[in-house]
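Enquirer: Just dropping this structure here.
Nothing in this text is a laboratory measurement; each read-out follows from the coordinates by a stated rule. Just so we're clear, the structure is a prediction, and the values are computed from it rather than from any experiment. Glycine gets a Cβ as well: all are built from the backbone with ideal geometry, and neighbour counts include every protein chain shown.
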Amino acid sequence: MAPVDRTPPPNPVTPVEFNAGMSRLEAQIAGQCSASQQLLAGTSAQNAAMTADIREVGSQLRSLRSQLASMDTAPQKAQPALSQCQPAMEGLANKELLGRSEWIGLPSVGTYLNARVASGANTSIISAREITNFERDGESWVRFKLGLNDADDVVNSVRDEWIEAPIEREATIAQESGEEARPVVSLLMTLGPIREQVDFILSDRPSDDFPVLLGRRFLMDIAIVDVSQSNLHKRPEFTDGE
């Protein structure tokens, strides 16, 4: 025999209770809808912000690509490299520093003279007077005296002494009366640690202040000039009759 359920039936709901229950249910459903709408609204705002960020990143990437493309096609400027500067610095280190004027020595003549360093002149010039050409053993020679002023520092015994040297060649120089050929002689010259055979044009006083001008042929590969200084090297010493 099947068991019989003897649970008493629930009490009937009154209209007031029913309406109250429905009101609670509607309020609960309305609250859940409001929360869902707020969540959706927040998600939409986040999506919009993320979309804006993505667009900004995309714009920056496009700008970078454009800049890279222009850098690839634009001519590149040569950048000075340290390796390129190093040989130049080493080259300067091997050259003697000279001022705008320096003491030189002429051992074969036995005197010192004050010289102006003239990088604008090609060949060095020494002031000479009473220039006389002559022939010796079938070769062209010249004898001359130094063209000096009373104020020039020089070993006194050589002021009026004849100097003889073979003519190496002739050089054309400009004079007020026009161009003129002048003999060129090679003389041993010292300047500080430098000791070189130097070609000198025998000419009238090349400068009111200096009996000697040192030109580019002498300076090339040997010295550099600092025009803000003078007489950086000591005057060589010669005694009368040496």
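Enquirer: Please list, in chain and number order, the residues 5+ apart from residue 140 or on another chain whose amide H is under 5 Å from its amide H, with Hs placed from the backbone.
Expert: Counting only residues 5 or more places away or on other chains, the set is 167.
Enquirer: Given a Förster radius of 30 Å and the C-beta distance between residue 95 and residue 239 as r, what FRET efficiency does 1/(1 + (r/R0)^6) yield to the nearest 0.05?
Expert: So, using R0 = 30 Å, E works out to roughly 0.45.
Enquirer: What is the local net charge at residue 215, summed over the other residues whose Cβ is closer than 15 Å to its Cβ (Lys, Arg +1; Asp, Glu -1)? Write down the numbers at each step before the final one.
Expert: On the way: positive: 100, 116, 169, 182, 216, 217; negative: 102, 168, 196, 199, 221.
That works out to +1.
Enquirer: Would you report the distance distribution of C-alpha pairs in the stretch 136-184 as whole percents per 5 angstrom bin, up to the bin with the largest distance?
Expert: 5, 16, 19, 17, 20, 17, 6, 1
Enquirer: Given contacts defined as C-alpha pairs under 8 Å and at least six residues apart, what's the relative contact order of the stretch 102-206, whole-number percent?
Expert: 31
Enquirer: For the stretch 134-185, what is the charge dipole size about the Cα centre, in debye to the nearest 20, if Lys and Arg each add +1 at the Cβ and Asp and Glu each add -1 at the Cβ?
Expert: In total the dipole reaches around 80 debye.
Enquirer: Hey, what's the Cα Rg ratio for the stretch 142-242 versus the globular rule of thumb, 2.2 N^0.38 Å?
Expert: 1.16
Enquirer: Kindly write out, for the stretch 180-185 in residue order, the coupling ³J(HN,Hα) from the Karplus curve 6.51 cos²θ - 1.76 cosθ + 1.60 (θ = phi - 60°), rounded to whole Hz, with x marking Gly and Pro.
Expert: 9, 7, 10, x, 10, 10
Enquirer: Return the sequence-ordered ³J(HN,Hα) values of the stretch 210-215 in whole Hz as given by the Karplus equation 6.51 cos²θ - 1.76 cosθ + 1.60 applied to θ = phi - 60°, using x for Gly and Pro.
Expert: 10, x, 9, 10, 9, x
Enquirer: I've got another one for you. If I model a spin label as a point 7 Å beyond the Cα along the Cα-Cβ vector, how far apart are those points for residue 204 and residue 227 in nm?
Expert: 2.6
Enquirer: Give me the number: length gained by fully extending residue 26 to residue 64, i.e. 0.36 nm times residue separation minus the C-alpha to C-alpha distance, one decimal in nm. Mind dumping the intermediate values first?
Expert: Working: separation 38, 0.36 × 38 = 13.68 nm, distance 5.69 nm.
Between residue 26 and residue 64, full extension yields an extra 8.0 nm.
Enquirer: Also, I was wondering about something else. Local charge sum around residue 180 (other residues, Cβ-Cβ under 13 Å, Lys/Arg +1, Asp/Glu -1)?
Expert: It works out to a net charge of -3.
Enquirer: Around residue 131, with a cut-off of 14 angstrom between Cβ atoms, what is the net charge of the other residues, counting Lys and Arg +1 and Asp and Glu -1?
Expert: On the way: positive: 129, 143, 145, 182, 205; negative: 130, 164, 170, 180, 204.
Charge balance near residue 131 sits at 0.
Enquirer: Can you list residues whose amide H is under 5 Å from residue 111's amide H, if they're 5+ apart or on another chain and H is modeled 1.01 Å from N?
Expert: Residues meeting the amide H criterion: 106.
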